[in-house]
Structures are given as C-alpha cells and as structure tokens.
Amino acid sequence: MAGEIWKTGITKIEPNKITIRGYSIDRLMGKISFSQAIYLVLKGELPSENVGKMLDAIFVSSIDHGITPPSALAAITVASTGASFNGALASGILSINKFHGGAIESAMYIFNNINTVRNEHNLSIDEAVKQVITAMREEKKVVFGYGHRIHTKDPRTVKLFELAEKYGIAGDYVKIAKSVEKTLNEVTGKNLPINVDGAIAAVLCELDFTPDYGNLFFILSRISGLSAHIFEEKNRYKPMRRIDPFAWEYDGPEERSID
C-alpha cells in the first residue's frame, strides 16, 4: 500500500520538462546568473540583477583564505590519505562550524537583536547598539564578525559595503554593523574592524535572510576554494606527507590586474 503523498514546492519534474519554483529551467539558462538561481531556489522568487550581483560579490569574497583555516587543513589532510574527492571535500565542509564560518550566523543574530531592541524601545541605531553591545560585554559574550587575526582593515569588507551602496542594498543593517564597530572600539579600546563575516551578515540581513542561512553562504562560497586545495594536494604532493600549517610559502602568479 502506497504511503501518504508528501509535498515539495521547489522543483517539478515532468517528461522533457523541469521547472524550478515555477520557472522552466531551460528558460532560466543563459538568462540569470548562478547567484540569482541560488536566490530563486532558496527564496522562491527571482531576485533583481543588483541582488544577484551582490550575492556574486559575497561568494567571491569568501571563496578562499589560504591553507591555514581549519576547513582547508582538514580537506588537504584527508586528501593526502588517498581519500576520494568528495570525502576530502566533505571533511572540509564538516570543519565549518561555530568558530569557523559560523560567525556570519552569529553576527546576524546580533544585528537582528539590535534592530529589535531599537524598534521596541524607539531608540536610535547608535543607542540600541550601545545598549546591546554593553550588555554583551558585561556578560562576556563574544561579538562575532569583528577583528581578524591577519587583517586590520579587511579589504573584502570595504568592497562589500561599497557594492551594497552602489546596488541600493545598504540600509539600517549596514549602519548597525558600522555602529557596532565604533562602539566596540570605544568600549574595548582596541581596533576591532568589521571582518568579512560581519559584512556578509549585514548584507544578508538587508536581503531579509534569516540567520540560519549564514553558514550556507559561507559553505557555498568556500566549496570552490576547498576543491582547488584538494586537487593541488592530489596532483602536486606525495600521499601521507607531513602537513605543517606554518611551513608553507606561496609560489603562484605575482599580483596582476583584472583590467
């Protein structure tokens, strides 16, 4: 006896026809970008061209950050054992959690909380930020999305915010993110600039994504970078080598202009 019929509202498959959220996939091909297609399957509607370009920028911004992040080290270590590509890639993805990649989600929760406090108490953005951040500091909670072990002014943050302004996406959440940076620096006496995770969090909030999508965007972006490291490991080095995360040097192309 057949079980109860369950429903899905994402993709419909018929003979010689595939529709994604109601759009024929062959009609979408060549007309929308991959980022717009991602937005479509996640949100159910086609985004504007500017939103697609903004998502493109987000994905490029986090595509890779060298071999020292935990996900890259995990992926190349597993690749060195002779594991399959998908096994090595899976190990890298499984290393993306609360403290690596998860800062986007955590920062989105903080920004949303600040916006809620602001609206409930009729406060200015700066007033709401000060109230929330001061309370977090008193409770010794981490303010995710700020500070970086290498960058004192993350170039990816600067560019993402520039593009958010250019594409008409920047709004209250970008203002909140910048106000948090200012307040943190005042409260701690340290330079804790918005890092790329904080910038992505602010933009995703502007695009009305909920925090549980934060890790997804980091993973989608980082898959390509992890794949490059896996293929390099398999094609360039002998199996089971000793991988020292500090004993490495770059020997790729010198800096070149896209122009």
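Taken together, the values in this text are just the output of simple stated rules run on the coordinates, not laboratory data. Worth saying up front: this structure is predicted, and the values here are computed from it rather than measured. Here the Cβ positions follow ideal geometry from the backbone for every residue, glycine too, while neighbour counts run over all protein chains shown.
How about region 71-158: which GluC sites (Glu not before Pro) there are in a DSSP loop, with at most 16 other Cβ atoms within 10 Å of their Cβ?
Numbers: sites: Glu105, Glu120, Glu127, Glu138, Glu139; in loops: Glu139.
When the GluC sites (Glu not before Pro) of region 71-158 are filtered for loop state and at most 16 Cβ neighbours within 10 Å, Glu139 remain.
Test of understanding: what is the full-extension gain from Asn50 to Thr188, defined as 0.36 nm times their sequence separation minus their Cα-Cα distance?
Working: separation 138, 0.36 × 138 = 49.68 nm, distance 3.67 nm.
Fully extending the segment from Asn50 to Thr188 adds 46.0 nm.
With each label modelled as a point 7 angstrom along the Cα→C-beta vector, the Glu165-Lys141 pair spans 3.0 nm.
Which of the pairs Lys130/Lys159; Lys98/Lys238; Lys31/Lys175 have their Cα atoms more than 29 Å apart in this structure?
Numbers: Lys130/Lys159 26 Å; Lys98/Lys238 32 Å; Lys31/Lys175 33 Å.
Over 29 Å Cα-Cα: Lys98/Lys238; Lys31/Lys175.
The modelled label-to-label distance between Phe34 and Lys175, using points 7 Å beyond Cα along the C-beta direction, is 3.6 nm. Taking Ile176, Ile38, Ile110 as the candidate residues, the one with maximal mean-square fluctuation in a Gaussian network model of the chain, Cα springs under 10 Å, is Ile38. Given the choices [x] 151; [y] 117; [z] 214, volume of the Cα convex hull per residue in Å³ derived from the coordinates of this structure is entry [z].
Percent relative contact order of the chain, based on C-alpha pairs within less than 8 angstrom and at least six residues apart? Walk me through the intermediate numbers first.
Working: 321 pairs, mean separation 64.8, N = 259.
Taking the mean separation of contacting Cα pairs over the length of the chain, I get 25 percent.
The length gained by stretching the chain between His65 and Asn112 to full extension, at 0.36 nm per residue less their Cα-Cα distance, is 14.2 nm.
I need the shape label for region 8-47. Rule: rounded when a/c is under 1.5, else prolate if a/b > b/c, else oblate, with a, b, c from the alpha carbon gyration tensor. Because a/c hits 1.5 or more and a/b fails to exceed b/c, region 8-47 counts as oblate. Taken as Cα centroids, region 112-150 and region 24-56 sit 33 Å apart, rounded to the nearest whole angstrom. A Gaussian network model of the chain, with springs between Cα atoms under 10 Å, assigns the largest mean-square fluctuation among Asn97, Asn16, Asn235 to Asn16. For Leu226, Leu163, the sequence from fewest to most other C-beta atoms within 10 Å is Leu163, Leu226. Measuring max minus min along each principal axis, the C-alpha atoms of region 1-90 give extents of 48, 43, 22 Å (largest first).
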